[in-house]
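What follows is a single structure, written as structure tokens, with notes after it.
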Amino acid sequence: MASILNIAIFLPLVGAFIVSLFRNEWLTKVVSIAISGVVFALSVILLVNFNPNTHHFLYRTTVPWISSLGINYDVGLDGLGVSLFTLTALIFFTVFIWAIKVKEKPTLFYALFLILETTCLGTFSALDLFLFYLFWEGMLVPMYFIIGFWGHDRKIYAANKFFIYTFFGSLFLLLGLATMIVYGYFISGHISFEYDFHRHIAYPIWLQIILFVLFGIGFAVKVPMWPVHTWLPDAHVEAPTAGSVVLAGVLLKMGTFGFVRYSLPLFPQASKIFIPVMFVLSIIAIIYAAMMAISQTNIKKLIAYSSISHMGMVTLGTFALSVSAINGASYMMIAHGLSSAALFYAAGFIYDRFHSYEMSDLGGIAKYLPNFAILFMISGLASIGLPGFSGFVSEFLILLGTFKYFPMWAIVAGVGMVLGAAYFLYMYKNVMLESASLPESKIQKLQHTMDLELHHIISFVLILFGAFIMGIMPYNFVNIVSQTSKLILGRF
């Protein structure tokens, strides 16, 4: 099984090199889809065979790499890691299918996404701190070019803002990692980047606070948490559909994954001290971003703010420090990854057909594009936590786990759920149903607009099927991440 994990991580990178040699565009697309399909199949094998009762990382491979610096190639998966690994593989598989008709530089487009897939998969499986940072920082370059090359009118501005914010956050993370390595050297006499080595070090409280802040800034920018969130709406609005889907579905999860994998178990005392701070920032993100979403006229920016609000729920659950809340936070990472991907696919389809994200340019679409209307509605209902979908389970667990110890915070967070329903229904009404004042020219355009094509339907169905399965079979998925949550809380 360890070999399956290694193949899944690096197959996209090898594929990127292979497709870059092709001159036939369709061959490039077919091979890329096949590679991502194989990676998804391998990730499902890892998920199905995962033993949720283990206290160790599974599918582990440890090979000396730069021995003089204590750096190893060390990868493995726990419950949260294997869940995010599978989510990543699924998201990228649907992205390659969705983008099959991309016309501008398709070879470069697919090669960059294949490289990006390897960096994302590596981030969720790395157990060596140097390797983790290498994968973490590696995603920055392909994502920058994806926004900068295939984005919309203000793509260069958005790409630069994305790069500056995330690179700035990564510098703090790098400083924190360096501080950890130096301290580990002083107390042990040797350099080690091994995750398990640092997990068993009892850092003094003053150092934990410093490290928590340094790591926290790096993770908060990627989530993104308020007030370092302003890069996200611009990046989403200007990014191509495939870029937005990966950004919301996968990249944002790196930040919350970082808090769960590194901040809580490595700095437990500091994590408890910073609970009030993290709660305040999370609640601000939940309510403020939801209010901002309601005020938007651009559907892509509305969905971007909804992502900030949902990720606020994840950080709230993470720092509630109860098994239910951390399980819910882990579950919501997956649930939001699926629902946000579906919503950005919907926004991308609208732009492809009508060349606008502005609600004032849209309206009455449901009457003429019924298949799209149905899948768009299902995507939104999954996002706002309708029972039967994964979002409901995750929100319920977060609020339940938070209410047990922090009831007032849970009640305020519950308001964000109500606002979530409000901004989606507001968007759907204006985009899909409002048609009384449509001019004759717009009606004629709608009448001649093509509904969903096969590649659109496949991408939608794969994503929404995942959200539905997680909604009706929550125990199976909660059981996978539960042991990880218990091990983390064992540090407190």
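Each value in this text was obtained by applying a stated rule to the coordinates, not by laboratory testing. Small disclaimer: the values here were computed from a predicted structure and weren't measured. Because the Cβ atoms are built from the backbone with ideal geometry, glycine has one as well, and the counts that use them run over all protein chains shown.
Worth a mention:
- Helix 106-125 axis, angle to the chain major axis (alpha carbon atoms, nearest 10°): 40 degrees
- Computed label-point distance, nm, for sites Asn24 and Val44 using a 7 Å Cα→Cβ extension: 2.7 nm
- Compactness of segment 85-173 as Cα Rg over 2.2 N^0.38 Å, two decimals: 1.15
- Local net charge near Val19, Cβ-Cβ under 13 Å (Lys/Arg +1, Asp/Glu -1): +1
- Set Lys272/Lys404; Lys272/Lys486; Lys101/Lys222; Lys29/Lys300; Lys155/Lys300 screened for pairs whose C-alpha atoms are more than 20 Å apart: Lys101/Lys222; Lys29/Lys300
- Normalised by the number of residues in the chain, the average gap of Cα pairs under 8 Å and 6 or more apart makes the relative contact order 16 percent.
- The share of Cα pairs per 10 Å bin across the chain, counted from zero up to the longest distance, runs 4, 21, 32, 27, 12, 3, 1, 0 percent.
- Backbone N within segment 245-266 under 18 Å of label point (7 Å from Tyr405 Cα along the Cβ vector): 259-266
- Degrees separating the helix 129-138 axis from the principal Cα axis of the chain, which is the longest one: 20 degrees
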